[in-house]
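Q: Have a look at this one.
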Amino acid sequence: MFMALSDRLDLVNPSEIRKLFDLAQGIEGLISLGIGEPDFDTPEHIREYAKEALDKGMTHYSPNAGLMMLREAVAKKLKEQNGIEADPSREIMILTGANQAFLMGLAAFLRDGEEVLIPSPMFVTYAPAVTLAGGRPVEVPTYEENEFRLSVDDLEKKVTEKTRALIINSPNNPTGAVLTKKDLEEIADFAVEHDLMVFSDEVYEHFVYGVKHHSIGALNGMFERTITVNGFSKTFAMTGWRLGFVAAPSWIIEKMTRFQMYNSTCPVTFAQYAAAKALEDERSWKAVEDMRREYERRRNLVLERLNGMGLPTVKPKGAFYIFPRVRDTGLTDREFSELMLKEAKVAVVPGGAFGRSGLGYIRISYATSYEQLEEAMDRMEKVLEERKLV
Ligand SMILES: Cc1ncc(COP(=O)(O)O)c(C=O)c1O
């Protein structure tokens, strides 16, 4: 059956997170642990580069695929940090945020009704992007017992003749899970065996704690079937700049560029200039390490406090989220979140917002100051004790 884009848009619901934030409106003294963005400002030298670009007159369109100087800087970064060799003129493209990569990337190859495997719990964009692109999102559960790492056994149970692609996200939003090199090698073998395209969302790559990030696109024979997705939002605390990038085989980039041509035309030119300069400036990487260290300190605090108050919590190895189990309190994740909003004045996100495997958990973002996190943990603990929920 033919479905226009407007029909597909009707199938996609506004995110659950929005609903919670509507409830949170107007609550005085609220501490929000719901937001998925760095609380840090963009480092000063990067802001200066944007001003410099404006003064240089970089106020015009860039090529559809992005400024060549940025594509070249991204190519260098991918080679040095990720072991991925991509040609900046054919295999790299700049986007208006990593978020765009999914719909645009799927539009490059997905045919009507084809299936896309998505490990659950998952980042909120993936399933709607598949639906909008005319495909069918298929949730693949991940489990607390396996630290929410995706396993090939679980993938095997969901793969069919219609499966065309797989989306992985390590470090993971919302669980903080990080896939090991061995996990990725097994997933790569699975993708080759079933002839799947792989989206690898690596936007949290620099925020890992005691483990190393690996890119599946660097594994033998994987470049030709991988769309590596990354961006500047999390790495350099640049969410509002709206800049992301992909590395993929040229036939994918060519189609995505066509999409961009008729959509946003190109990302913001002076922002691209600043990002290119930022990638090559040591001060940026020093800022990333400072942020990483601070996130780790906060992760340690929240992990200890949650386990201490009787909410069993897996130690997240990356990103800036933690995913405690709340179902043992006798409340659903939605009820738990509403209770915390009303009685503790702390906003957390019900795990069900991230897919079926998130039910019974909540997501806490620790991209908030250490002091606020301490206060939020005190308040949550008090409500749990008063209500005798643990
Ligand atoms: C896993 C994941 N991928 C992609 C994005 C989108 O990033 P961008 O701001 O570059 O669009 C986010 C933002 O929250 C995210 O958590």
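Q: Against the longest principal axis of the chain, how steep is helix 370-386, in degrees 0 to 90 to the nearest 10, with axes from Cα atoms?
A: 40 degrees
Q: Let me know the whole percent of all Cα-Cα pairs from the range 200-281 that are separated by more than 16 Å. All intermediate terms of the calculation are to be shown ahead of the outcome.
A: Working: 2040 of 3321 pairs.
So the pairs more than 16 Å apart make up 61 percent of the total in the range 200-281.
Q: Roughly what % antiparallel, to the nearest 5, for the DSSP beta bridges in the range 60-281?
A: Percentage antiparallel, nearest 5: 30.
Q: Which lysines have a Cα lying under 27 Å from the Cα of Lys162, excluding residues fewer than 8 positions away in the same chain?
A: Lys182, Lys255
Q: Place a +1 charge on the Cβ of each Lys and Arg in the range 60-281 and a -1 charge on the Cβ of each Asp and Glu, then give the dipole magnitude about the Cα centre in debye, rounded to the nearest 20.
A: That gives a dipole near 820 debye.
Q: Between the range 261-299 and the range 320-343, how far is it from one alpha carbon centroid to the other, in angstrom?
A: 33 Å
Q: Using Cβ counts within 10 Å as a stand-in for footprinting exposure, how do Tyr143, Tyr262 rank, fewest first?
A: Tyr262, Tyr143
Q: Turning to a different aspect of this structure: Per q in 0.19 1/Å, what log10 I(q)/I(0) does a Debye calculation on the alpha-carbon atoms of the range 292-390 return?
A: -0.87
Q: Work from the charge dipole of the chain (Cβ charges, +1 for Lys and Arg, -1 for Asp and Glu, about the Cα centre) and give the residue of Val152, Thr131, Ser6 farthest towards its positive end.
A: Of Val152, Thr131, Ser6, it is Ser6.
Q: For the range 166-237, calculate the relative contact order in percent as a whole number, restricting contacts to Cα pairs under 8 Å that are 6 or more residues apart.
A: 36 percent
Q: Taking a cut-off of 12 Å between Cα atoms, list the aspartates and glutamates near Lys19, but don't count ones fewer than 8 places away on the same chain.
A: Glu338
Q: Hey, another quick one. Please work out the ratio of the alpha-carbon Rg of the range 283-335 to 2.2 N^0.38 Å and round it to two decimals.
A: In units of the 2.2 N^0.38 Å rule of thumb, it is 1.43.
Q: Along the charge dipole of the range 60-281, pointing to its positive end and built from +1/-1 on Cβ of Lys, Arg, Asp and Glu, which listed residue (Leu196, Ala248, Asn172) has its Cα farthest out?
A: The one lying farthest along the dipole's positive direction is Ala248.
Q: Additional query: Just tell me which aspartates and glutamates come within less than 12 Å, Cα to Cα, of Lys315; anything on the same chain fewer than 8 places away is out.
A: Within reach: Glu144, Glu145, Glu147, Glu296, Glu304.
Q: Continuing with the same structure: Suppose the Debye formula is applied to equal point scatterers at every Cα of the range 60-281; what is log10 I(q)/I(0) at q = 0.09, 0.10, 0.15 Å⁻¹?
A: -0.32, -0.40, -0.93
Q: Right, something else. Just Glu44, Glu338, Glu115 to compare: in a GNM of the chain, with alpha carbon springs under 10 Å, which one fluctuates most?
A: Largest GNM mean-square fluctuation: Glu44.
Q: To the nearest 20 debye, what is the magnitude of the charge dipole of the chain about its Cα centre, counting +1 on the Cβ of each Lys and Arg and -1 on the Cβ of each Asp and Glu?
A: 340 debye
Any read-out appearing in this document is the output of simple, stated calculations on the displayed coordinates, not a laboratory observation. No experiment lies behind these values; they were computed from the predicted model shown. Using ideal geometry, Cβ is built from the backbone for each residue, glycine included, and neighbour counts are taken over all protein chains shown.
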